[in-house]
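The values are calculated or read from the model by the stated rules, or taken from the named source; none is laboratory data. In this text the structure is predicted, and so the values were computed from the model without any measurement. Virtual Cβ from ideal backbone geometry, glycine too; neighbours counted across all protein chains shown. Each accessible area value is taken on the protein alone, full model and side chains, heavy atoms only, with ligands, DNA and RNA left out. Shrake-Rupley method; radii C 1.70, N 1.55, O 1.52, S 1.80 Å.
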Amino acid sequence: MRDYLLTLCVTAAVTYLLTGPVRKFAIATGAMPEIRARDVHREPTPRLGGIAMFFGLCAGLLVADHLQNLNSVFDQSNEPRALLSGAALIWLIGVLDDKFELDALIKLGAQMISAGVMVAQGLTILWLPIPGVGTVALTQGQGTLLTVALVVLTINAVNFVDGLDGLAAGMVCIATGAFFLYAYRLWYGYTIEAAAPATLFAAILMGMCLGFLPHNMHPARIFMGDSGSMLIGLILAASAISITGQVDPDTLKIFEGSTRQATHAALPVFIPLILPLTIIAIPMTDLVLAIVRRTWKGQSPFAADRGHLHHRLLEIGHSHSRAVLIMYFWSALIAFGTLAYSVHSTSMWIVLAITVLSALGLVLLLLPRFSPRAPRWAEAVVPPRYRRRKPAPEPEPAREASAEERPPVPAGLNGSTAIGHRSRFSDRRKAGTPS
């Protein structure tokens, strides 16, 4: 664990220190597009934050390669090199898109090629554990197709959710934290060496997100852009592919009996293996809803709009920061709830806690509809928006002045000029005109 934490800290430090110079570089090169209709920020903000994140990835892999306990990952597996190759390609396409706004089909093709590069170097799904059936081996074509589909879906899911300051980086960091704990449990608890690459990828991805978040929180000073969102989406998919398709479920040996009986009995343990998309459940939900919504309207699935989940939170009445925190809450609940259930599936306390937290999340989600007000005794310790508004004092009715209160009207003036004593010819005398 010490080596993983060291790798995480180095990755976060390199990403954090490089983000400032990258921001100046983005401003100098003009990587500050005009504000679009779907954007929620008010001023042009530089992109290319993915440059700092990519160099953080390189630094994390370099440090891990020189650590004694993690060096075996590079000796026994080609997955780190496969990840770096695919990440470099998708990062380069993202940088070009941040600067020149590439076509959506070009980016989709680059995503598929990046996934193919990783598959060609061994990072692919070899088998799937299916409850009630057991371990199902996949052919080379099936494994390649499933791997490419998972990579493309994950990249676009993370890219779609990157709409508010700090949203994508924070949600990926939370989901990856839960995934790291699960992968580390397989590697350390069950001594499964095949889970070591996924654990390393998760630690590095957490460091990349943590190092970039201080610069990206609201109000953001720089955006990660497609160079960052597609990069972290690819790493997240690579982690899920590594532990899903490379770890043989039979090596767990939790129960005696056939593989079919073991897989069916150990269903809670295999939840993150069978459903790796739970770590990005919210971004994937947003992706599916966006595709259905745009297709229903007769638009392209890649056409941008303001119908994403974070946009709807803003329309309900949530502030920018509160909308981000609500998305953080649901991401953590799904990711860590799945993790807790996979470890202790027989505990009813876990199910009860997840239910209570889900109800709390719904209350927070609908908070602007309720417009709560704190009681009188608590108004001194709550923000002003939760205090009861004091009724405005009613204006006093107009009262006509009595005859004694009215000012005297000079003689010889009619009503339209009765505004006080004024000489009509004083200005002319001062000007030297004859009287």
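Summary of computed values
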item: Output for region 348-359, where each listed residue is among the small types (Gly, Ala, Ser) and either in contact with an Asp or Glu (Cβ under 7 Å, 6 or more places away or on another chain) or over 17 Å from Ala178 (Cβ atoms) (or both); result: Ala359
item: Any chance Gly211 is open to solvent by less than 10 Å² (accessible area, probe 1.4 Å), in contact (Cβ under 8 Å) with a residue 60 or more places away in the chain, in a helix (DSSP H, G or I) and closer than 20 Å to Pro80 by Cβ; result: yes
item: Condition met for Thr176 (more than 11 Å from the chain's Cα centre (by Cα) and touching a residue at least 24 places away in the same chain (Cβ under 8 Å)); result: yes
item: Given (1) touching a Phe, Trp or Tyr at 6+ places or on another chain (Cβ under 7 Å); (2) surrounded by fewer than 19 Cβ atoms within 10 Å (Cβ to Cβ); (3) in a helix (DSSP H, G or I), index of the condition Leu92 fails; result: (1)
item: Residues that are of a type outside the set (A, V, I, L, M, F, W, C) and out of contact with any Leu (no Cβ under 8 Å at 6 or more places or on another chain), drawn from region 346-365; result: Thr346, Ser347, Thr355
item: Subset tally (residues that are over 12 Å from the mean Cα position of the chain (by Cα) and crowded, with 21+ Cβ neighbours inside 10 Å) for region 319-337; result: 2
item: Search result, residues across region 178-196 that are part of a helix (DSSP H, G or I), of a type outside the set (A, V, I, L, M, F, W, C) and open to solvent by 10 Å² or more (accessible area, probe 1.4 Å); result: Tyr184, Arg185, Tyr188, Gly189, Glu193
item: Given (1) out of contact with any His (no Cβ under 6 Å at 6 or more places or on another chain); (2) under 27 Å from Ala31 (Cα atoms); (3) open to solvent by less than 10 Å² (accessible area, probe 1.4 Å), index of the condition Leu164 fails; result: (1)
item: Boolean, Ile174 is modelled with pLDDT under 95 and either open to solvent by less than 30 Å² (accessible area, probe 1.4 Å) or touching a His at 6+ places or on another chain (Cβ under 7 Å) (or both); result: no
item: Total residues in region 95-113, condition loosely packed, with under 12 Cβ neighbours inside 10 Å and under 13 Å from Ile155 (Cα atoms); result: 0
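Matching residues to (1) in contact (Cβ under 8 Å) with a residue 24 or more places away in the chain; (2) closer than 14 Å to Gly228 by Cα:
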position: Leu48; (1), (2): yes, yes
position: Phe54; (1), (2): yes, yes
position: Ala64; (1), (2): yes, no
position: Asn71; (1), (2): no, no
position: Arg81; (1), (2): yes, no
position: Ala87; (1), (2): yes, yes
position: Gly94; (1), (2): yes, yes
position: Ile106; (1), (2): no, no
